[in-house]
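First the structure, in the form of structure tokens, and then the observations on it.
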Amino acid sequence: MDFEASHEKVLGFRVETFDPYVSQTFQVRGAFRPEQDGDVDTFATIELIEVTRHPHIAEIEGGTDHRYREPFSLLFVGLDDDLLTGGIHEFAHKELGEFLISLNPVLVRSPGLLKSHPHGRFYESVIG
């Protein structure tokens, strides 16, 4: 994957980029499969389950500093037994194409999410 091209694509990402893809799946390279002697050059399937806005501090304090994009986070759930470690991962999506973003395992305590995904592994990407 071309890092420079991915970087340019990611710079254009906004909340609105991902909102239409909630409940859709993404392929992520770097899945850990113990049965394959720890091979990490495989893809895991994860589902985007939540996109969350994080307002700028200037907006919280009543300002309108728009020099930077609005930070947001993406919450995913793993759909198979593959494990993903924290770090930069190669993503693939049928409409968004390929790109690199950071992804980290997270602990989810929301009763609703835990009920709807009782065996899921949760991952988060924060984009600022």
Query raised in the report: Alpha carbon centre of the stretch 105-119 versus the stretch 68-103: separation in Å?
Result: 18 Å
Query - Neighbourhood net charge (10 Å Cβ-Cβ; Lys/Arg +1, Asp/Glu -1) for residue 45 - result: -3
Query - Within the stretch 84-102, backbone nitrogen closer than 17 Å to the virtual label 7 Å beyond the Cα of residue 53 toward Cβ - result: none
Query raised in the report: If we count every other residue with Cβ under 14 angstrom of residue 113's Cβ, Lys/Arg +1 and Asp/Glu -1, where does the sum land?
Result: 0
Report task. Would you mind ranking 83, 75, 11 by Cβ crowding within 10 Å, fewest neighbours first? Result -> 11, 83, 75
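Note down the net charge around residue 86, summing +1 for each Lys or Arg and -1 for each Asp or Glu among other residues with Cβ under 13 Å from its Cβ.
Around residue 86, the surrounding residues sum to 0.
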Report summary line: Final fewest-first order of 10, 28, 51 on the 10 Å Cβ neighbour count is 10, 51, 28
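Values in this text are rule-based calculations from the coordinates and carry no lab data. What you are looking at is a predicted structure, and each value in this text was computed from that prediction instead of being measured. A quick note on method: Cβ atoms are made from the backbone with ideal geometry, for glycine too, and the neighbour counts reach across all protein chains shown.
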